[in-house]
Amino acid sequence: MTNEQSQEMSKLSSQICNQISSVFSNPTSPYPPPLDLLVTELAGVSRRNSRVFLHGVGREGLMLKAFAMRLFHLGLSSHLVSDMTTPPISSSDLLIASAGPGGFSTVDAICSVARSSGAKVLLLTAQPETGSCVKHATAVCYIPAQTMASDGGDAAEKGERRLLPMGSVYEGALFVLFEMVVYKLGEVLGESPESIRSRHTNLE
């Protein structure tokens with residue numbers, strides 16, 4: 001790799017990381033700060049010795065799968081809605097669902113089932129005012145980021161390429177937010193690096 005290629009990669013990666021990190025500079029009022037909300041809700045799950053279920057579609061779903069793995073490493077009973085071994089949800093449990101653009105028919109349905117079972121539903125979204133999934137939520141985690149629903153504007157009209165297209169900003173923000181939650185939640189739960197690592201599978 002030449003020095004010029006290295007500089008180009010460094011510049012592009014910095015631009016992408018800066019665009020994602022800028023999401024967390026945006027105010028979320030009247031909704032609570034996403035980091036505080038998630039840590040509080042998940043610490044409650046741990047105290048109640050309950051379970052957390054996670055659901056999302058597409059690339060949002062991939063971010064939630066990664067998060068579910070780390071929650072398991074932190075000692076929580078963590079389950080993906082789509083897994084064949086996922087147990088039934090109950091009134092003491094928490095569902096964390098993501099609908100960046102505000103609503104997906106499948107996410108709507110899953111949230112509705114969770115609520116009808118008495119469980120809490122924490123909805124991650126960038127469109128809390130207009131999304132169809134909000135009506136099922138007991139708590140809204142507002143992430144003020146670009147999604148498929150807001151991927152327009154001047155750049156699109158001019159035919160210019162966005163640095164991060166469609167829902168990439170929201171999806172990248174999910175990953176960063178979840179890493180912050182894992183760090184803070186580990187402190188709250190008193191989990192050491194050794195205890196977290198001890199729960200990683202050895203079937204690899």
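The values are calculated or read from the model by the stated rules, or taken from the named source; none is laboratory data. Quick caveat: nothing in here was measured; it's all calculated off a predicted structure. Using ideal geometry, Cβ is built from the backbone for each residue, glycine included, and neighbour counts are taken over all protein chains shown. When the accessible area is computed, the model is the full protein with side chains, heavy atoms only, and any ligands, DNA or RNA have been set aside. Shrake-Rupley method; radii C 1.70, N 1.55, O 1.52, S 1.80 Å.
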Please go through (1) open to solvent by less than 10 Å² (accessible area, probe 1.4 Å); (2) at pLDDT below 95 for residue 52 and return the number of the only condition it doesn't satisfy.
(2)
When you go through 110, 89 one by one, which is the residue that is modelled with pLDDT of 90 or more and touching a Phe, Trp or Tyr at 6+ places or on another chain (Cβ under 7 Å)?
89
Just name the residue that is farthest from the chain's Cα centre (by Cα) out of those in the stretch 92-106 that are of a type outside the set (Gly, Ala, Ser) and either modelled with pLDDT of 95 or more or over 14 Å from residue 57 (Cα atoms) (or both).
93
Checked 107, 39, 45 against criteria (free of Cβ contacts under 8 Å to residues at least 60 places away in the same chain, open to solvent by less than 40 Å² (accessible area, probe 1.4 Å), closer than 26 Å to residue 196 by Cα and of a type in the set (Val, Ile, Thr)); the one match is 45
Is it fair to say residue 5 is closer than 25 Å to residue 165 by Cα, at pLDDT below 95 and touching a helix residue (DSSP H, G or I) at 6+ places or on another chain (Cβ under 7 Å)?
no
Taking the residues in the stretch 81-103 that are among the hydroxyl-bearing types (Ser, Thr, Tyr) and in a loop (DSSP other than H, G, I, E, B) as candidates, determine which candidate is most open to solvent (accessible area, probe 1.4 Å).
85
Which of (1) more than 30 Å from residue 18 (Cα to Cα); (2) among the charged types (D, E, K, R); (3) assigned to a helix (DSSP H, G or I) is the odd one out, the single condition residue 204 does not satisfy?
(3)
Examine the stretch 176-186 for a residue that is at pLDDT 90 or above and exposed (fewer than 14 other Cβ atoms within 10 Å of the Cβ), and state whether such a residue exists.
yes
Residue 81: within 16 Å of the chain's Cα centre (by Cα), closer than 16 Å to residue 39 by Cβ and of a type in the set (A, V, I, L, M, F, W, C), yes or no?
no
Tabulated pairs, the stretch 53-82, first over 17 Å from residue 125 (Cβ atoms), second charged (D, E, K, R) and part of a helix (DSSP H, G or I), C-beta under 7 angstrom, 6+ apart or interchain:
80/65
Say we look at the stretch 187-201 and pick out the residues that are without any contact (Cβ under 8 Å) to a residue 24 or more places away in the chain and in a helix (DSSP H, G or I); which of these is most open to solvent (accessible area, probe 1.4 Å)?
194
Can we say residue 15 is assigned to a helix (DSSP H, G or I) and loosely packed, with under 14 Cβ neighbours inside 10 Å?
yes
Among residues belonging to the stretch 110-135 that are β-branched (Val, Ile, Thr) and open to solvent by less than 20 Å² (accessible area, probe 1.4 Å), point out the one that is nearest to residue 166 (Cα to Cα).
125
Starting from the stretch 139-159, keep only residues that are over 20 Å from residue 27 (Cβ atoms), then list their pairs with residues that are modelled with pLDDT under 70 whose Cβ atoms are within a distance under 6 Å, requiring at least 6 positions of separation or different chains.
none
